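The next block holds one structure in the form of structure tokens; read it before the comments.
Values quoted throughout were computed directly from the atomic coordinates according to the rules given, and no laboratory measurement underlies them. This one's a predicted model, so the numbers in the text were calculated from it and none came from an experiment. FYI the Cβ positions are ideal-geometry reconstructions off the backbone, even for glycines, and counts take in every protein chain you see.
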Amino acid sequence: MAKIFCVANQKGGVGKTTTTVNLAAGLAKVGQRVLMVDLDPQGNATMGSGVDKRQMALSVYDVLLESASVAEAAVFSEKCGYHVLGANRELAGAEVELVEVERREKRLKTALAEVLDNYDFVLIDCPPSLSMLTLNGLCAAHGVIVPMQCEYFALEGLTDLVNTIKQVHANLNKDLAIIGLLRVMFDPRITLQQQVSDQLKAHFGDKVFDTVIPRNVRLAEAPSYGLPGVIFDPSARGSQAFVAFASEMVARIGKL
């Protein structure tokens, strides 16, 4: 049965989408069955997985409004090796439409329950704001993966996220916990980044993943080709780091 993980951080621009699509591709490379769910109306994770958001017949919007199942709406990305439950601009309307409906924060959890036996991992790319969409992701997930840059403001954003996760855990999802913090866009030559990294390890201990994702031009270029870096340039340092991270995730989940 699949383990469901949100990739979340309330600070924007920290590499959530890059982390989601590259982890999905990395897990597929090490033999895992993966479903990637895009909960961001911008649809960047969808496009970055080789799926054209403008051509989709069904999307996560239809799943949240219960007019389609996950099995009907998900498509397999041949290039990337995993299934994609995509998003597009329609999803922005779901925020308003879900306000009045019952079980609005549990819609995604209910829909995913039907397909959990088909996958080993479900990864959910959340928008940066704490919205009804993010809440659906957090209610469906077994845990949260937090990508973060080793900078001062990132620590402030982390405090907000930890408080949000505590609230969701207390009121809506008793299974929810932080699985780990992933240091991304890391440059060891910058003293501040090294200091923040040390602070993270001192405070969070083994919640900090061993794998560190370096700042890497090829990872940044990959989305313009509609591919994760892991597929676009497997030999790049960033791509190799994500495959190593995928292996670490598989090992860590085995211990949970």
- Message: Please compute, for the alpha-carbon atoms of the range 10-90, the extent along each of the three principal axes and give them in descending order in Å.
- Response: 33, 31, 19
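How big, in percent, is the set of alpha carbon pairs in the range 4-147 lying more than 24 Å apart?
I get 19 percent for the Cα pairs in the range 4-147 exceeding 24 Å.
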- Note on the structure: Dipole check, the chain, charges on Cβ (K,R +1; D,E -1), about Cα centroid: among S129, V101, A154 the Cα furthest to the positive pole belongs to A154
- Kindly write out, for the range 99-113 in residue order, the coupling ³J(HN,Hα) from the Karplus curve 6.51 cos²θ - 1.76 cosθ + 1.60 (θ = phi - 60°), rounded to whole Hz, with x marking Gly and Pro. 4, 8, 8, 6, 6, 4, 7, 10, 4, 5, 4, 4, 5, 5, 4
- Query: Considering the dipole of the range 156-255 built from charges on the beta carbon (Lys and Arg +1, Asp and Glu -1) around the Cα centre, which of F186, I253, P234 is farthest to its positive end?
  - Reply: I253
- Task: Give the percent of DSSP beta bridges with both residues in the range 3-255 that are antiparallel, rounded to the nearest 5.
- Result: 10
- Query: Can you sort T20, T191 so the residue with the fewest Cβ neighbours within 10 Å comes first?
  - Reply: T191, T20
- Query: Viscosity 1.002 mPa s, temperature 20 °C: Stokes-Einstein D of the range 3-255 from its Kirkwood Cα radius, in µm² per second?
  - Reply: 119
